[in-house]
Amino acid sequence: MKIFVVVVEPEYGINLGMIARVMKNFGKGNLRIVNPKCDTRLPFLMYAKHAADVVKKTRTFGSLKDAVLDMDSVIGTTAVRKRHRNIIRTVEKLEEFKKESWKYNGKKVAIVFGREGIGLNSEELKLCDRLITIGTSKSYGVLNLSHAVAIVLYELAKKGGETGKYPGMGNPEKQALENIFKSIVDKIDIRKKEKVVSSFKNVLGRAVPTNEEGKSLLCLFRGILEGKDE
């Protein structure tokens, strides 16, 4: 997979510099910053050391939605599981996600890291296809931002899980599938429609269906939407 590191509203230039440095360590050069709250010039470059090329390529966006618009999949990171009880999500351990990372071969994948203090908010979490967490001590489970990036990149760089080609469905096809499912839900009498749509999006994000599987589902849903019997 082609990894894009996305950092939401970072507060410290030193963290950005360290992130660029560790990305260089693992051969990653795509860093995106969402609405930075710190100086992204001198401190960023100063602490990046030999990763000036990563700094130079870094792109800044006004919102997470804009930052991940061209991604095939969006993987959010979180340290606090209980904060997301009001959202229908399954938070996976990093090692569990790693076993299935081969499914993203050839895909553009955003790994999203939240704010140093409060992480990702509810609306940002909804933009993520999957949520992962790093196993840490219960007594102090929140990692420094740059350390979290380093651990995730290190684990994903290690060989593991299955390998081989996996023609996973691209982002445009996934969006089409989510939209047609929402259209079906809107037309039927069912409670908590938003949660139903959110649940489908979560399942779709974890499953990473192939192009053929996606086409089959689209065909089925179009038939349902149009009231066809076949």
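The values are calculated or read from the model by the stated rules, or taken from the named source; none is laboratory data. Note that the structure is predicted; figures quoted are calculated from it, not measured. Heads up, the Cβs are rebuilt from the backbone with ideal geometry, glycines too, and the neighbour counts pull from every protein chain shown.
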Fill in: Residue tally, condition under 12 Å from ILE111 (Cα atoms) and either of a type outside the set (Val, Ile, Thr) or in a helix (DSSP H, G or I) (or both), over the stretch 1-12
3
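Would you point out the residue of the stretch 97-116, among those that are in a strand (DSSP E or B) and not aromatic (Phe, Trp, Tyr), that is farthest from ASP129 (Cα to Cα)? Before the answer, list the steps.
The first filter runs over the stretch 97-116 and keeps only residues in a strand (DSSP E or B), leaving 108-113, 115.
Subsequent filtering for residues that are not aromatic (Phe, Trp, Tyr) retains 108-112, 115.
Details: LYS108: 13, VAL109: 10, ALA110: 10, ILE111: 10, VAL112: 11, ARG115: 19 Å.
Within the stretch 97-116, the match that is farthest from ASP129 (Cα to Cα) is ARG115.
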Item to complete: Please go through the stretch 117-129 and pick out each residue that is surrounded by fewer than 19 Cβ atoms within 10 Å (Cβ to Cβ) and either part of a loop (DSSP other than H, G, I, E, B) or not assigned by TED's automatic domain parsing to the domain that holds GLY141 (or both).
Response: GLY117, ILE118, ASN121
Practice prompt. Considering each residue of the stretch 180-230, count those that are under 20 Å from the mean Cα position of the chain (by Cα) and assigned to a loop (DSSP other than H, G, I, E, B), and give that number.
Written response: 2
Discussion item. Among the residues of the stretch 217-225, are any under 21 Å from LEU127 (Cα atoms) and among the charged types (D, E, K, R)?
Written reply: no
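Mind checking whether some residue in the stretch 175-183 is assigned by TED's automatic domain parsing to the domain that holds GLY27, modelled with pLDDT of 80 or more and within 24 Å of ARG32 (Cα to Cα)?
Filtering the stretch 175-183 down to residues assigned by TED's automatic domain parsing to the domain that holds GLY27 leaves none.
There is no residue in the stretch 175-183 that is assigned by TED's automatic domain parsing to the domain that holds GLY27, modelled with pLDDT of 80 or more and within 24 Å of ARG32 (Cα to Cα).
Which is modelled with pLDDT under 85 and closer than 21 Å to LEU145 by Cα, of ARG81, ARG89?
Numbers: ARG89 fails: closer than 21 Å to LEU145 by Cα.
Unique residue meeting the criteria: ARG81.
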Worksheet item: When you go through VAL7, VAL55 one by one, which is the residue that is of a type in the set (Val, Ile, Thr) and closer than 30 Å to MET169 by Cα?
Response: VAL7
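Are any residues in the stretch 13-58 assigned to a helix (DSSP H, G or I) and within 14 Å of ALA150 (Cα to Cα), and if so, which ones? Working first, answer last.
Taking the stretch 13-58 as the starting set, the residues that turn out to be assigned to a helix (DSSP H, G or I) are 13-25, 42-48, 52-57.
Listed by number, the residues that qualify are ASN15, LEU16, GLY17, MET18, ILE19, ALA20, ARG21, VAL22, MET23, LYS24, ASN25, ALA48.
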